[in-house]
Amino acid sequence: MQTKHDDRYRWHVLEDLIRDNGYKTFVEVGVATGRTSRYLIGKIKDIFIWGVDPFKTYSEYAGDKNSKSQRQGVNRKKVRKMNRDHPNFIWLEEFSEEAAKGFRDEMVDIVFIDANHDYKYVKQDIELWAPKVRSGGCVAGHDYVSKGMHRGVKKAIDEYTKKNKHTLRHDKNSVWYFFK
């Protein structure tokens, strides 16, 4: 099902979801350069954001431009600066599985999953983070495509939403989301 957000970047879609639903707490799983969180902090003054990214190289995270050690060092510096400069942003320098343990169920309004795009990791991230989202909240992510190295994202999302009877929404720019 396509949405009204078809010609916008992922951060515009997230901004609309946050504003339209009065969300105040946001978790970004897979921060990379921090561009999405930085945009949201600049546009929505009363949002609180946790960014989850360990910036570590491991064998199952190969092939993505952000998996290279040099790129991770650059990204880490950008996110560290954002963490220092914005009191409403907290960077959790850990893998998704460890970070999720620090959140109670139904603690956040919206989670955005854009980390390791391999099927098993996307599936794991959805299963870890969906319970952390409150009723009426939103589970979202990026790279909902059927071809190429990100096709595992689509497979994991399709399986989860079908099994849990959620209505999946997505746009042509590969942002996906569902409401709890």
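The values are calculated or read from the model by the stated rules, or taken from the named source; none is laboratory data. Note that this is a predicted model, so its numbers are computed, not measured. Heads up, the Cβs are rebuilt from the backbone with ideal geometry, glycines too, and the neighbour counts pull from every protein chain shown.
Check Ser146, Ser135, Ser96 and return the single one that is among the polar types (S, T, N, Q), surrounded by fewer than 18 Cβ atoms within 10 Å (Cβ to Cβ), under 30 Å from Lys172 (Cβ atoms) and modelled with pLDDT of 95 or more. Don't jump to the end; show me each part of the working.
Working: Ser146 fails: modelled with pLDDT of 95 or more; Ser96 fails: surrounded by fewer than 18 Cβ atoms within 10 Å (Cβ to Cβ).
When all the criteria are applied, what remains is Ser135.
Taking only pairs six or more apart or across chains, which ones have beta-carbon atoms under 8 Å, a first residue in segment 10-21 that is in contact (Cβ under 8 Å) with a residue 60 or more places away in the chain, and a second residue that is crowded, with 18+ Cβ neighbours inside 10 Å and in a helix (DSSP H, G or I)?
Arg10/Thr36; Leu14/Thr36; Leu14/Leu40; Ile18/Leu40
Identify all residues within segment 84-97 that are part of a helix (DSSP H, G or I) and without any contact (Cβ under 8 Å) to a residue 12 or more places away in the chain; write none if there are none. Walk me through how you get there before you give the answer.
The first filter runs over segment 84-97 and keeps only residues part of a helix (DSSP H, G or I), leaving 84-85, 96-97.
Result: Arg84, Asp85.
Is at least one residue of segment 153-163 outside any helix (DSSP H, G or I), in contact with a Lys or Arg (Cβ under 8 Å, 6 or more places away or on another chain) and at pLDDT 95 or above?
In the first step, residues of segment 153-163 are kept if they are outside any helix (DSSP H, G or I); the result is none.
Checking segment 153-163: not a single residue is outside any helix (DSSP H, G or I), in contact with a Lys or Arg (Cβ under 8 Å, 6 or more places away or on another chain) and at pLDDT 95 or above.
In segment 17-45, which residue that is out of contact with any helix residue (DSSP H, G or I) (no Cβ under 6 Å at 6 or more places or on another chain), at pLDDT 95 or above and charged (D, E, K, R) is surrounded by the fewest Cβ atoms within 10 Å (Cβ to Cβ)?
Result: Asp20.
Determine which single condition Phe112 fails, assuming it passes every other condition in (1) over 14 Å from Trp50 (Cβ atoms); (2) aromatic (Phe, Trp, Tyr); (3) in contact with a strand residue (DSSP E or B) (Cβ under 7 Å, 6 or more places away or on another chain).
(1)
Could you say which residue among Lys163, Lys123 is of a type in the set (Lys, Arg) and either within 14 Å of the chain's Cα centre (by Cα) or under 15 Å from Val27 (Cα atoms) (or both)? Talk me through it step by step, then tell me what you get.
Working: Lys163 fails: either within 14 Å of the chain's Cα centre (by Cα) or under 15 Å from Val27 (Cα atoms) (or both).
Sole residue among the options that is of a type in the set (Lys, Arg) and either within 14 Å of the chain's Cα centre (by Cα) or under 15 Å from Val27 (Cα atoms) (or both): Lys123.
Cβ-Cβ below 6 Å, separation at least six or inter-chain, first residue in segment 128-151 and in a helix (DSSP H, G or I), second surrounded by fewer than 20 Cβ atoms within 10 Å (Cβ to Cβ): which pairs?
Qualifying pairs under 6 Å: Pro131/Asp105; Lys132/Met107; Met149/Gly63.
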